[in-house]
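Note sheet for the following structure.
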Amino acid sequence: MRRGPLVSLVTSSLVLSACVQTRQVADVEFEPPQGDYSLIVMRPDVSVGLLTAGGLVEPRADWTERARANLLKALAEQQAGRGGKTRILENRSGIQGVSADQVAELERLHAAVGASIAIHKYMGATLPTKRRRGLDWTLGEDAVAFGKATGMDYALFLHAEDSFASSGRVALQVLGIAGCFIGFCAPQGGGGQSAYTSLVDLRTGEVVWFNVLQTSSLAPGVQFGDIRTPEGAAQMVERLLGRMKAGRNIRARQ
Amino acid sequence: MNPWHEALPLTRRALLGGLGCTCCAGLVGTAEARIRPADMKPLVGAGHRPTDKDEQGLWQQYQRVEEEIAGSNLLIRDPALTAYLGTVAERTGGPAAKDLRVYLAHIPEFNAFMAPTGFMVVFSGLLLRMRDEAQLAGVIAHEAGHFLRRHQIRQWRDLKRKTAAMNFLGMAAGLGYGATGIYAGDLVRLAQLGGILSIFSYSRELEAEADAMGLRQIAETGYDPNAMPETWQQLIAEVEASAAMRKKRPKRGYSLLATHPAPEQRMVDLRASARELAAPGRTERARERYLAALGGHRKTFLDDQVKLNDPGASLYIIRTLAKDGWNGLLRYYEGEVWRLRGQKGDDALAGRSYAAAIAYPDAPPEVWRAHGYQLLKEGRRDEGQAALRRYLSLAPQAPDAAMIRHTLGQ
């Protein structure tokens, strides 16, 4: 077949284009927390859904609940392994001496700052004022006050989305790749994960470390962990938080 | 202006941009006929809870949204006014009466939206424009109608079905081309357009349903059904007045990609439906009760509105409210519209409004300040100073009191 090599190149690259990506950025003076530190995990923002044939993600309440519980458990175990004291905030009114409104405000502030980090550090809109300065964002006095009120050293924010292809979507994925053999290549994205996490030093208010995880696949049936299961959740936590790199200046001095 | 929004994030750009490889055929609805209120039966009972997976997922997301909204600093936290809005929702909510929650957001726009879980957000700009409780009840009942007719989940399912159909057909056409060499690209594109249009058409159909459902609810609970077409009449006229003062053509507000029916069509349908529902005993307007509940907020909302730099709309709103009688507050803000526009001759118009305003017992203290400065500008020094002194005596703690005293000392 004349088209043989091309087809196999295209199909194999489609299958290979299925991937897991993480990219972390850190404050230039960031040292990964070790030993005797305390960390509060802010209520994780988790959403798991079904990828429909038309490409829409339909949120699923039961999957989301399961994934949230698994991620919380995995986080606590992972942090315990680093020696830290971890406290998980499951809802806004969970802390004595800090009102639910204050927690909500910190969450919203972080959402705004996190969006800014995503735009300027990940989506290519680099800021000339922040060039070569590592991660240079802060939550300011509110975060310091929150740290004093809770007695915690760090706050961790986590956002995680996962989706799974419906059977209709999988059928389309199969057709899209099968079409390559007759000259109509129309690969369709399957489910995938997208998550980010950020670490805030509550003694200074600064966002000291940020990591983004993305998994996706154009090949039907390929998955990179299922956060609805304890193993999949542990895998996501490990990918996000497992290899925390020190900041540039610290690495240069080492 | 995009009033009475559906709660699903169904935007044109999201739909047009997000469909990707899509196609479909024969899904376009025909011209939309009026939906009769008599045909509108609530589809939820009291204490509705989702049982299907897709609706449960939607609810879970919106519970989070409600938590955010309930804690938003954009909300007007006046327990009396919020409770009042709740009573109107309860009265017009049919079987969902006890399930509806109303949040009032401080946003000077004519808008409101309903979430699939039973909470609605009413914008302060909407309360400004309502002449009485019957008009307000019409809007709230329209929003409640979305809930009673389960619009969000129905729209979601429609969207799911159509995007899937378009995707499958696009794939089939592509595979057909690959296998047989028969090119169907132009037909596919036409069908894609048909599919997209039918999604927007369904959205407009649901809006028309909410109108009919809401109208039925207000009429059956004793309000004057004519209040609802009136609200539309006001909205259309406001858009025209706004455009006229800017010397621009008003937006017609209708296209095949509109998520809401054309205002004119909506008004015509609402009028016809209101005629069907009119009956003795369905005449309540409750203007006094509405004004009492609104209290001092009307002043705040007028203040927000005149600062939007939309003099045509602002004057239209003020004059519409004045159909129930001029007062010091409305005259003052009429003057403010002219003063803030600040074109040649507007000074004199503002001055006339202020002079008229001080004659009313409800004139706010600021009228005396505005009136005083206007008189000073006209060279009427003694009268102007007297007006400013009157302002100081009415509002001795005013933040600008020191500046006024300085003016008086010159």
Evaluation of residue B:198 against (1) of a type in the set (Ser, Thr, Tyr); (2) touching a strand residue (DSSP E or B) at 6+ places or on another chain (Cβ under 6 Å); (3) within 14 Å of chain A (Cβ to nearest Cβ) (one fails), failing number: (2)
Strands (runs of 3 or more DSSP E) within the range A:22-86 that include 3 or more residues within 14 Å of another protein chain (Cβ to nearest Cβ): A:45-51, A:57-59
Out of B:216, B:157, sole residue that is surrounded by fewer than 24 Cβ atoms within 10 Å (Cβ to Cβ) and of a type in the set (D, E, K, R): B:157
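Looking at the range A:135-254, what helices (runs of 4 or more DSSP H) fall wholly within it and have at least 3 residues that are within 14 Å of another protein chain (Cβ to nearest Cβ)? Before the answer, list the steps.
Numbers: elements: A:141-150, A:167-178, A:230-241, A:248-253.
Per the criteria, A:167-178.
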Residues within the range B:170-195 that are away from chain A (no Cβ under 11 Å), part of a helix (DSSP H, G or I) and touching a helix residue (DSSP H, G or I) at 6+ places or on another chain (Cβ under 7 Å), tallied: 3
Residue identified as modelled with pLDDT of 90 or more and assigned to a loop (DSSP other than H, G, I, E, B) among B:3, B:50: B:50
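Take the residues of the range A:133-165 that are among the small types (Gly, Ala, Ser) and surrounded by fewer than 19 Cβ atoms within 10 Å (Cβ to Cβ): which is farthest from residue B:57 (Cα to Cα)?
Restricting to residues being among the small types (Gly, Ala, Ser) and surrounded by fewer than 19 Cβ atoms within 10 Å (Cβ to Cβ), the top hit is A:134.
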Residue in the range B:37-82 that is nearest to the other protein chains (Cβ to nearest Cβ), counting only those that are loosely packed, with under 15 Cβ neighbours inside 10 Å and closer than 21 Å to residue B:212 by Cβ: B:45
Scope the range B:284-342; condition without any contact (Cβ under 8 Å) to a residue 12 or more places away in the chain, part of a loop (DSSP other than H, G, I, E, B) and either in contact with a Leu (Cβ under 9 Å, 6 or more places away or on another chain) or closer than 30 Å to residue B:221 by Cα (or both); matching residues: B:296, B:325
Considering residues of the range B:235-261 that are surrounded by fewer than 17 Cβ atoms within 10 Å (Cβ to Cβ) and in contact with a Lys or Arg (Cβ under 7 Å, 6 or more places away or on another chain) only, the residue modelled with the lowest pLDDT: B:257
Some residue of the range A:163-170 being under 30 Å from residue A:93 (Cβ atoms) and modelled with pLDDT of 85 or more: no
Matching residues, the range A:87-102, being in contact with a Lys or Arg (Cβ under 8 Å, 6 or more places away or on another chain), assigned to a helix (DSSP H, G or I) and in contact (Cβ under 8 Å) with a residue 40 or more places away in the chain: none
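Residue check: is residue B:112 closer than 17 Å to residue B:203 by Cα and more than 14 Å from chain A (Cβ to nearest Cβ)?
yes
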Filter result for residue B:137 (more than 22 Å from the chain's Cα centre (by Cα) and not acidic (Asp, Glu)): no
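Yes/no matrix, rows are residues, columns are (1) at pLDDT 95 or above; (2) out of contact with any strand residue (DSSP E or B) (no Cβ under 6 Å at 6 or more places or on another chain); (3) buried (at least 21 other Cβ atoms within 10 Å of the Cβ); (4) not hydroxyl-bearing (Ser, Thr, Tyr):
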site: B:350; (1), (2), (3), (4): yes, yes, yes, yes
site: B:354; (1), (2), (3), (4): yes, yes, yes, no
site: B:368; (1), (2), (3), (4): yes, yes, yes, yes
site: B:372; (1), (2), (3), (4): yes, yes, yes, yes
site: B:386; (1), (2), (3), (4): yes, yes, no, yes
site: B:391; (1), (2), (3), (4): yes, yes, yes, no
First in the range A:119-135 and within 21 Å of residue A:245 (Cα to Cα), second anywhere and in a loop (DSSP other than H, G, I, E, B) and among the aliphatic types (A, V, I, L, M), Cβ under 6 Å, 6 or more apart: A:120/A:127; A:134/A:28
Condition met for residue B:92 (modelled with pLDDT of 95 or more and either in contact with a Gly (Cβ under 9 Å, 6 or more places away or on another chain) or among the charged types (D, E, K, R) (or both)): yes
Residue under evaluation residue A:192, criteria (1) buried (at least 20 other Cβ atoms within 10 Å of the Cβ); (2) within 21 Å of residue A:134 (Cβ to Cβ), criterion not met: (2)
Residue match in the range B:262-269 (condition: in contact with a Gly (Cβ under 8 Å, 6 or more places away or on another chain) and among the aliphatic types (A, V, I, L, M)): yes
Members of the range B:356-386 that are in a loop (DSSP other than H, G, I, E, B) and over 39 Å from the mean Cα position of the chain (by Cα): B:378, B:379, B:380
Matching residues, the range A:216-254, being out of contact with any Lys or Arg (no Cβ under 9 Å at 6 or more places or on another chain) and of a type in the set (D, E, K, R): A:226, A:231, A:238, A:239, A:243, A:253
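The values are calculated or read from the model by the stated rules, or taken from the named source; none is laboratory data. What you are looking at is a predicted structure, and each value in this text was computed from that prediction instead of being measured. Ideal geometry is used to build each Cβ from the backbone, glycine not excepted, and the neighbour counts take in all protein chains shown.
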